[in-house]
Amino acid sequence: MNDSFHRIDRRHMLRSMVAGSSLMTGLIADLMAESDDRVTDPLSPKKTHFPAKAKRVIFIFSNGGVSHMDTFDYKPRLFAADGKSIGIGGGLSNEQRILLKPLWEFRPGGDCGTLVSDLFPNLRECMDDVCLIKSMKSDDNEHYQATLAIHTGSFFFARPSLGSWISYGLGTTNSNLPSFMVLAQHLPYAGTQVFANDFLPAYHQGVRVVPGPMPIPNLNRQSSGTDLQQLELDFAASLNRRHLADRSSDGDLSARLRSFETAFHMQSEARDAFGISGETRATLDLYGLKAGQTDGFGWKCLVARRLAERGVRFIELIDGSSSHNWDQHGNMAEHADHARVIDRPISGLLRDLKQRGMLDDTLVVWTTEFGRTPGVDGDKGRGHHSACFSSWMAGGGVKGGISYGATDELGATVAENRVHVHDFHATILHLMGIDHTRLTYRHAGRDFRLTDVAGSVVHDIMA
């Protein structure tokens, strides 16, 4: 047998079988006959449990543990007690620590007057649209576990991410793009698990986009004719569906079939979403971008808005990596370097969404995995602190211009209205029209949910 036969790839085989052959008529007839019997699109829009306040989520994660008392949680006593030795609780066994004052002044922002440090001068002016949560609580002081938990609700075991759960619960309004996309130059602690589907069907996994000239590899069409590529895809899909008909429980095969279809349509839709050349100079200035720029946190924020416009259900922006992030044990002054990266882009995103009328039904969330200690750790830094930290939400049905919850006078423990990670997730799901106790998936003999067996919705922050 001629060895060249074995080197024929699938594309050439399809072309030789279909193009100009007597099989064309029969194949088209088969495809048309099957069109009514196609597997129901698992990502088609689904009904909410109750009317939703938000249609989509833009989730911003700052990796490494952002210090709450240096950013959003003003503590006058900590300024006054700088250098004093004091027993600090909050899971630290009441050990003695030398207190460290914040390095930045706090000033009121917006008409609401919410105090924000000089680390975020641009974001501070947007506080009328922000609901600041000062009483967040995690259960682990280690980066990996805390990062896993803020994304999946699980501290020690791999579980589906928040974005995957929302994709599973709501589907998408645009079948030409994934329902869950992650804009990440580098991976954070816990790696790809922060956007993994785990036991949920594979099409609910987040699709990673890496800023740069080619955000998604191999996005450009390889064939010269769109019609031919569509015909090839339909032919392959026909064979796959016939194979799947006898294997309805094969989730991987179903996901692969769905991914082929989405990948084909992304070749035009995604290129349009990532191409910002048509944006005005004024819009680029909002995000701190230069014409032609294809990277940076400003690019992530602008593309997040463009993806939100196109119906992507959940968009995550990752700030920092597992090696370069907000984890300042040695010198808290380094927080300023990280704040400069995200301050203007995030404020630009909020302003842009608002002026386009999108903030009302877009929930913007900012969080980190835990806070930092009031006492010094290392030379001039702070240690990990899961007992309390700050997060915030904007738009999407939350009250703007308010602060919720409080920590003690040193920022060591939650003093009022604790919001555990499970409560945080339950609230996000509620704003999306989902009852967190009813969003379940049967796996390994029992029903799982994002909030495990806990979580309470924080109704007081809702408009």
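Just one of the numbered conditions (1) more than 25 Å from PRO102 (Cβ to Cβ); (2) of a type outside the set (Phe, Trp, Tyr); (3) surrounded by fewer than 17 Cβ atoms within 10 Å (Cβ to Cβ) is not true of SER322: (3). One residue is enough: does segment 405-422 have a residue meeting the conditions surrounded by fewer than 22 Cβ atoms within 10 Å (Cβ to Cβ), among the basic types (Lys, Arg) and in contact with a helix residue (DSSP H, G or I) (Cβ under 9 Å, 6 or more places away or on another chain)? Among the residues of segment 405-422, not one is surrounded by fewer than 22 Cβ atoms within 10 Å (Cβ to Cβ), among the basic types (Lys, Arg) and in contact with a helix residue (DSSP H, G or I) (Cβ under 9 Å, 6 or more places away or on another chain), which makes the answer no.
A quick yes/no check of all residues on (1) over 26 Å from THR71 (Cα atoms); (2) surrounded by fewer than 22 Cβ atoms within 10 Å (Cβ to Cβ); (3) basic (Lys, Arg):
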| position | (1), (2), (3) |
| --- | --- |
| LYS134 | no, no, yes |
| GLY153 | no, no, no |
| ASN174 | yes, yes, no |
| SER179 | yes, no, no |
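Answer with yes or no whether ALA80 is surrounded by fewer than 22 Cβ atoms within 10 Å (Cβ to Cβ), of a type in the set (A, V, I, L, M) and under 24 Å from the mean Cα position of the chain (by Cα). Quick ask: steps written out before the conclusion?
Details: surrounded by fewer than 22 Cβ atoms within 10 Å (Cβ to Cβ): yes; of a type in the set (A, V, I, L, M): yes; under 24 Å from the mean Cα position of the chain (by Cα): no.
Against the criterion (surrounded by fewer than 22 Cβ atoms within 10 Å (Cβ to Cβ), of a type in the set (A, V, I, L, M) and under 24 Å from the mean Cα position of the chain (by Cα)), ALA80 does not qualify.
Tell me whether segment 449-460 contains one or more residues that are touching a Leu at 6+ places or on another chain (Cβ under 8 Å) and part of a helix (DSSP H, G or I). No - not one qualifying residue is present in segment 449-460. Can you pull out every residue in segment 413-445 that is at pLDDT 95 or above and aliphatic (A, V, I, L, M)? Within segment 413-445, VAL414, ALA415, VAL419, VAL421, ALA426, ILE428, LEU429, LEU431, MET432, ILE434, LEU439 qualify.
Residue count for segment 118-147, restricted to those that are more than 21 Å from LEU363 (Cβ to Cβ) and of a type in the set (A, V, I, L, M): 2.
ILE133 meets the conditions (1) within 18 Å of VAL414 (Cα to Cα); (2) of a type in the set (Val, Ile, Thr); (3) at pLDDT 95 or above; (4) out of contact with any Ser or Thr (no Cβ under 7 Å at 6 or more places or on another chain) in every case but one. The failed one is (4). Residues considered: THR368, THR373. Of these, the only one that is surrounded by 24 or more Cβ atoms within 10 Å (Cβ to Cβ), modelled with pLDDT of 95 or more, in contact with a His (Cβ under 6 Å, 6 or more places away or on another chain) and of a type in the set (S, T, N, Q) is THR373.
Would you confirm whether or not segment 136-149 contains a residue that is surrounded by 24 or more Cβ atoms within 10 Å (Cβ to Cβ), in contact (Cβ under 8 Å) with a residue 60 or more places away in the chain and more than 17 Å from the chain's Cα centre (by Cα)? Yes, the conditions are met somewhere in segment 136-149. Listed here are the strands (runs of 3 or more DSSP E) enclosed by segment 362-430 that have at least 2 residues being among the basic types (Lys, Arg) and over 16 Å from THR114 (Cβ atoms), and there are none. Checking the conditions here, which among GLU269, GLU334 is part of a helix (DSSP H, G or I), among the charged types (D, E, K, R) and in contact with a strand residue (DSSP E or B) (Cβ under 9 Å, 6 or more places away or on another chain)? None of the other options fit; the residue is GLU334.
If you take the residues in segment 155-167 that are in contact with a helix residue (DSSP H, G or I) (Cβ under 8 Å, 6 or more places away or on another chain) and of a type in the set (A, V, I, L, M, F, W, C), which one is surrounded by the most Cβ atoms within 10 Å (Cβ to Cβ)? Walk me through it before giving the result.
Pass one, segment 155-167, residues in contact with a helix residue (DSSP H, G or I) (Cβ under 8 Å, 6 or more places away or on another chain): 155-156, 158-167.
Of the ones still in play, those that are also of a type in the set (A, V, I, L, M, F, W, C) are 155-156, 158, 162, 165-166.
Working: PHE155: 20, PHE156: 11, ALA158: 13, LEU162: 25, TRP165: 31, ILE166: 25.
Among them, the one singled out is TRP165.
Beta carbons closer than 6 Å, at least 6 apart along the sequence or on distinct chains, pair a first residue in segment 169-183 that is over 9 Å from GLY311 (Cβ atoms) with a second that is surrounded by fewer than 24 Cβ atoms within 10 Å (Cβ to Cβ) and hydroxyl-bearing (Ser, Thr, Tyr) for GLY171/SER44.
For LEU177, only one of the following conditions fails: (1) under 23 Å from LEU359 (Cα atoms); (2) part of a helix (DSSP H, G or I); (3) of a type in the set (A, V, I, L, M). What is its number? Here LEU177 clears every test but (2). Across segment 350-364, the number of residues qualifying as in contact with a strand residue (DSSP E or B) (Cβ under 6 Å, 6 or more places away or on another chain) and surrounded by fewer than 23 Cβ atoms within 10 Å (Cβ to Cβ) comes to 0.
Tell me which strands (runs of 3 or more DSSP E) are completely within segment 61-174 and hold 1 or more residues being of a type in the set (Asp, Glu), or say none if there are none. So that I can check it myself, show each step before the final result.
On the way: elements: 85-88, 95-98, 106-109, 114-117, 130-137.
Where strands (runs of 3 or more DSSP E) fall fully within segment 61-174 and carry at least 1 residues being of a type in the set (Asp, Glu), they are 95-98.
The values are calculated or read from the model by the stated rules, or taken from the named source; none is laboratory data. Quick caveat: nothing in here was measured; it's all calculated off a predicted structure. Note that we place each Cβ from the backbone using ideal geometry, even for glycine, and neighbour counts take in every protein chain shown.
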